[in-house]
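We did not get these values from a lab; they are worked out from the coordinates using the rules stated. Predicted model only: the values in this text are computed from it and were never measured. Here the Cβ positions follow ideal geometry from the backbone for every residue, glycine too, while neighbour counts run over all protein chains shown.
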């Protein structure tokens, strides 16, 4: 089944404790992206990757890191999480021949709480 | 700051009516536009995309794009209670690179039986 998977789905952590949210797709997509969704603020792009080893900032990259060492995986790293990073996170992927213009398929989401 | 704006709603329509959802965008360079549906607690799923001025129809859904007015709309004919969800409008940002997608905050639609 073609899908985007994220792990963990739920995470409660404490301020400053490094964490990684994994994202994997099995559709051989070139383009992958991370979003956060907050009430009243909507869905905002954090980072995206047009291809392996190519990443770029979205609208809200502060406090996050990403890497794209292989096509299928695009982990989101929070080196020192803070309470304002409490949010619902979505990973998405697309075929990528036209960047963000291709249809993006979203993962199920990761609900992160930072205490 | 490039923006996509939507009325947050809620928009309430009776079952069988036409629901009209609207969106405006600030970046004249945007070329691709998307409508996503998101049920509460779920991930967004694509409903329609549109690149060219005019109308695009897919079943009960019609997307309309007017680049001169920087306006995108989604019409849902014969609305069903299962259409009750938040609808997200998105536009590509070509100011920097091809990878950035800007979402509106969404319009909540409620279809009453």
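Taking the square roots of 5 times each eigenvalue of the Cα gyration tensor of segment A:1-75, largest first, gives ellipsoid semi-axes of 20, 15, 14 Å. List the residues of segment A:33-69 whose backbone N lies under 13 Å from a point placed 7 Å from the Cα of residue A:80 along the Cα-to-Cβ direction. Answer for segment A:33-69: A:63-64. Of A:58, A:96, A:42, the residue with the greatest mean-square motion in the GNM of chain A, using alpha carbon springs below 10 Å, is A:42.
No solvent, one uniform scatterer per C-alpha: report log10 I(q)/I(0) for the protein assembly as shown via the Debye equation at q = 0.09 1/Å, two decimals. Taken in order of the listed q values, log10 I(q)/I(0) reads -0.36. When chain A is treated as a GNM with alpha-carbon contacts under 10 Å, the residue of A:46, A:12, A:77 showing the greatest mean-square fluctuation is A:12.
In µm²/s, what is D for segment A:10-51 at 4 °C and 1.567 mPa s, where D = kT/(6 pi eta Rh) by Stokes-Einstein and Rh is the Kirkwood radius from Cα pairs?
On the way: Rh = 12.8 Å.
For these conditions, the coefficient is 101 µm²/s.
On the basis of the beta-carbon distance and an R0 of 30 Å, residue B:80 and residue B:56 show a calculated FRET efficiency of 0.90.
Among B:54, B:16, B:41, determine the one that fluctuates most according to a GNM of chain B built with springs between C-alpha atoms less than 10 Å apart. Comparing B:54, B:16, B:41 in the GNM, the peak value goes to B:41. Find how many whole Å separate the alpha carbon centroid of segment A:1-48 from the alpha carbon centroid of segment B:29-106. Between the Cα centre of segment B:29-106 and that of segment A:1-48, the gap is 22 Å.
Sorted ascending by nearby beta carbons within 10 Å, beginning with the fewest, B:30, A:24, B:40, B:110 become B:40, B:110, A:24, B:30.
For chain B, take the convex hull of the Cα atoms, compute a quarter of its surface area, and give me that in nm², please. Write out the running numbers ahead of the final one.
Numbers: hull surface 27.1 nm².
Average of the hull's projected areas for chain B equals 6.8 nm².
P(r) for segment A:34-92: what percent of alpha-carbon pairs falls in each 5 Å bin, starting at zero? P(r) for segment A:34-92, in whole percents per bin: 4, 19, 30, 25, 13, 7, 1. Length gained on full extension, residue A:111 to residue A:3, computed as 0.36 nm times the residue gap minus the Cα-Cα distance: 37.0 nm.
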